[in-house]
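The values are calculated or read from the model by the stated rules, or taken from the named source; none is laboratory data. Please read all numbers here as calculations on a predicted model, not as lab measurements. All Cβ positions, glycine included, derive from the backbone under ideal geometry; neighbour counts span all protein chains shown.
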Amino acid sequence: MPLVRPTLRPSLRPSLCPSAAACKGALVSIAIGSLGATAAHAQTADGGASRQLDPIVVTASRTAQAVSDALPHTTVVTQEDIVNAQAPDLRSLLRNQAGVEFATNGGLGANTTLFMRGANSNQVLILIDGVRVAGVSGGTAQLANILPDQIDHIEVVRGNVSALYGSDAIGGVVQIFTKSGAGQAPAGNASVEYGTYKTRQATAGYGGQIGDTSFNVTGSIIKTDGFSSVNVDQWRRDNPRVPATRGPNPNDNPYENRSVSGQLRHKFSADWDAGVAAYYSNSQLSYDSTSTTGLSTDDLRMDSELYTLSAFVNGRVLPDWTTHIKVAQSQDRSEGTKNGLFDSLFNTRTRQVNWQNEYALAAGHKLLFGTDYLQQTLASSAYAAPSRNVFSVYGGYEGRIGRNQIQLNVRNDHYSDFGNQASGFAGYGFNVTDALKLIANISNAFRAPTFNELYYPGFGQPNLSPERAKSAEVGVQYDSEQTGLLRVTAFETRYDNLIVSTAVGNGLFLAQNVNSAKVQGVEASWRATIWGTDLGAAVTFQNPTDETNHTQLVRRARRHASVDIGRNIGPVRVGGEWLVSSSRLDNGSRTLGGYGIVNLTARYNITKEWFVAARVENLFDKNYQLAYPYNTQGRAGYITLGWRQK
């Protein structure tokens, strides 16, 4: 876990490799070694990082490439970014990303939804080590229960990439990679934290590489007394006729999470390796209901489990043919209780098998082909549903001809409940200079109906069609050692057959394919190290419109931006971020006001092994909301004591 960021950041250019073949070999080695390596570092004699290459990503094309070569707008949250951010949860870690917005129903652990480029949370695909983790009932993942302690790095890909991943990737893909230990000497680490709301956190891990075997195991626990998730005073002002004995519980809502991750990989030869990876999270959350019929003394709890387990093999069948096989299972389980008694159960189990192949036609030209199999089952106290089976085939081409870069992908998914869905992606890049590139992409995508939309009693409709989307974007990218990586993208996505709850009389509401929407916008991301200072910025201007009633899509801002800065001064690192957003609409035609939030961090390396860190969130105690009528955290402070074996 690096404690300082390298001050130089050259791009991955031929001048850094002795030959084009050596650069190609390095990329292939990274691809086979992890299918998602973190940032590559040039090492000094004592093992410290002296300069940082462009991070290698795999999510944008399902093959290894420098992030500056990705045609979809892609950014990476590196391990150094995670360490420096001191973020307590996934939302805090990703909220400064271009095009990304969140809504939460309270504090740490509360239900969290992610919007990317204006797309709904169930239109953004979440992967952990390549494994789908969304619940099939509602189509969303347990974002609040994925904590940074287990994460090595994150790749964020914006825009339609259904041609690579199938359903749900309309707004984009967020792929989370857990710690692997690859390329490091075996070492342990541990930390403890205490802060506002009696928040206590402890983490311990051990990992590294011995010969041809790499491994890592990390465990953590966090507890907080929290604050009341619902703004009870606001709720009562809006519901004056509800008796005081009814409505949300005004008490604080505590949260507890235990999580563990592990990886083991062995390289059997220069061409073949295999391993296993696992992630597990268990949480207990106290939450409040905004129903007018519930008692204000009701004690509502949610016990949630999330896990992924996978086994994989990577190898070279022929000199120009590499193959990757993965068998995996994930579970998303939530059991609710009311006043200590069972209230609800939703348990999704997903099994998947992936076989991916890459064939090098010639230097600079590659074919991608493979097949995915997915089986989803649901056990629920609310209704019974059949299992869903999805068989998919996909293919693609990546190539360079002079200054021209091309990416083409096609995919067909056959669903057992509604048949075939095809999707495609075509991307083009033109290098005006080594640093300046022009980019254009077109694509289409779909989202399969959730089981709630298909089968929930009194609401679901088994004959629903998938939601469809078409997207086009143009962009410009500038990448240099002096100014960092800047990308500006203008995009438009049109949605058809959107599934919404429609009143049909007699107090009944049914899921129907009736709505359409359009999101137009411009987004920009920038990362650089200038004069020893790490700088980052992201800005999004968008017009997320429900074209059925010509209103702004709920909980999505027309403008949001972030700026972050960090600098090492001897053994000390100081940093901060500024997050701003314009107003948003919420359900019931309510308006959520705009806001600006400042967060600060500091870290002091006491010795080579011991450090102390601190952070202040919401420095100016801004009162704002991400969802009505839920509270957000006020000013809060946290301090961490940590150890890293050297």
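Remarks
- Residue among A328, A422 that alone is in a strand (DSSP E or B) and either buried (at least 16 other Cβ atoms within 10 Å of the Cβ) or out of contact with any Lys or Arg (no Cβ under 8 Å at 6 or more places or on another chain) (or both): A328
- Candidates N568, N631, filtered to the one that is out of contact with any strand residue (DSSP E or B) (no Cβ under 6 Å at 6 or more places or on another chain) and under 18 Å from I82 (Cβ atoms): N568
- Flag for A636 being under 23 Å from D564 (Cβ atoms), surrounded by 13 or more Cβ atoms within 10 Å (Cβ to Cβ) and of a type outside the set (S, T, Y): yes
- The number of residues in the range 445-482 that are β-branched (V, I, T) and over 19 Å from R117 (Cα atoms) comes to 1.
- All told, G135 meets the bar of being in contact (Cβ under 8 Å) with a residue 60 or more places away in the chain and crowded, with 24+ Cβ neighbours inside 10 Å.
- Qualifying residue in the range 130-137 (condition: touching a Gly at 6+ places or on another chain (Cβ under 8 Å) and basic (K, R)): no
- Every pair of residues 6+ apart whose Cβ atoms lie under 6 Å, when the first sits in the range 305-323 and is within 15 Å of T350 (Cβ to Cβ) while the second is modelled with pLDDT of 95 or more and not in a strand (DSSP E or B): L306/Q142; L306/N145
- Scanning the range 519-562 for residues that are hydroxyl-bearing (S, T, Y) and within 21 Å of the chain's Cα centre (by Cα) turns up S525, T540, S562.
Matching residues to (1) in contact (Cβ under 8 Å) with a residue 40 or more places away in the chain; (2) of a type in the set (D, E):
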{"site": "A426", "(1), (2)": "no, no"}
{"site": "D434", "(1), (2)": "yes, yes"}
{"site": "S443", "(1), (2)": "yes, no"}
{"site": "N452", "(1), (2)": "yes, no"}
{"site": "Y455", "(1), (2)": "yes, no"}
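- Within this structure, S304 fails the test of being closer than 30 Å to G107 by Cα and at pLDDT below 95.
- Filter result for N441 (over 26 Å from H560 (Cα atoms), part of a strand (DSSP E or B) and not hydroxyl-bearing (S, T, Y)): no
- None of T293, T337, T348, T322 is assigned to a strand (DSSP E or B) and within 30 Å of P240 (Cα to Cα) except T337.
- Residue pairs meeting the criteria (Cβ under 9 Å; at least 6 apart or on separate chains; first more than 29 Å from E453 (Cα to Cα) and free of Cβ contacts under 8 Å to residues at least 40 places away in the same chain, in the range 405-420; second small (G, A, S) and not in a strand (DSSP E or B)): L408/A163
- Hits in the range 474-516 (condition: of a type outside the set (F, W, Y), in contact (Cβ under 8 Å) with a residue 60 or more places away in the chain and more than 30 Å from N568 (Cα to Cα)): G475, T489, T493, A511
- Residues in the range 621-638 that are assigned to a loop (DSSP other than H, G, I, E, B) and not charged (D, E, K, R): N623, Y624, Q625, L626, A627, Y628, P629, N631, T632, Q633, G634.
- Scanning the range 346-368 for residues that are among the hydrophobic types (A, V, I, L, M, F, W, C) and over 25 Å from the mean Cα position of the chain (by Cα), we see that the one that is surrounded by the fewest Cβ atoms within 10 Å (Cβ to Cβ) is A362.
- Counting residues in the range 311-319 that are among the basic types (K, R) and in a strand (DSSP E or B) gives one or more.
- Within the range 164-172, at least one residue is touching an Asp or Glu at 6+ places or on another chain (Cβ under 6 Å), more than 30 Å from A613 (Cα to Cα) and outside any strand (DSSP E or B).
- Residues that are among the polar types (S, T, N, Q) and part of a helix (DSSP H, G or I) within the range 130-146 comprise just one, N145.
- Test for V327: is it at pLDDT 95 or above, among the hydrophobic types (A, V, I, L, M, F, W, C) and closer than 27 Å to I151 by Cβ: yes
- Per the listing G460, G399, the residue uniquely over 25 Å from the mean Cα position of the chain (by Cα) and in a strand (DSSP E or B) is G399.
- Near pairs, Cβ below 6 angstrom, 6+ apart or cross-chain, from the range 189-208 (under 10 Å from K223 (Cβ atoms) and part of a strand (DSSP E or B)) to any residue that is modelled with pLDDT of 95 or more and not aliphatic (A, V, I, L, M): T199/T224; R200/Y194; R200/K223; Q201/E193
- Unique match (being modelled with pLDDT under 95 and either over 13 Å from the mean Cα position of the chain (by Cα) or not aliphatic (A, V, I, L, M) (or both)) among T44, T63: T44
- When residues in the range 86-103 are screened for being surrounded by 22 or more Cβ atoms within 10 Å (Cβ to Cβ), more than 17 Å from R117 (Cβ to Cβ) and of a type in the set (A, V, I, L, M), 2 of them pass.
- Index of the failed condition, I154 passing every other in (1) over 21 Å from G208 (Cα atoms); (2) in contact (Cβ under 8 Å) with a residue 40 or more places away in the chain: (1)
- The strands (runs of 3 or more DSSP E) falling completely within the range 79-129 include none with 3 or more residues that are modelled with pLDDT under 95 and aliphatic (A, V, I, L, M).
- Exactly one residue among R301, R265 is buried (at least 20 other Cβ atoms within 10 Å of the Cβ), basic (K, R) and assigned to a strand (DSSP E or B), and that residue is R265.
- Taken as a whole, the condition of being touching a strand residue (DSSP E or B) at 6+ places or on another chain (Cβ under 7 Å), modelled with pLDDT under 95 and assigned to a strand (DSSP E or B) applies to S501.
- Output for the range 530-569, where each listed residue is in contact (Cβ under 8 Å) with a residue 12 or more places away in the chain and more than 27 Å from N618 (Cβ to Cβ): I530, G532, N543, T545, D546, E547, T548, T551
- When residues of the range 232-249 are limited to those that are in contact with a strand residue (DSSP E or B) (Cβ under 8 Å, 6 or more places away or on another chain) and part of a loop (DSSP other than H, G, I, E, B), the one surrounded by the most Cβ atoms within 10 Å (Cβ to Cβ): P248
- Which listed residue, of G521, G588, G507, is more than 26 Å from K622 (Cα to Cα) and at pLDDT below 95: G507
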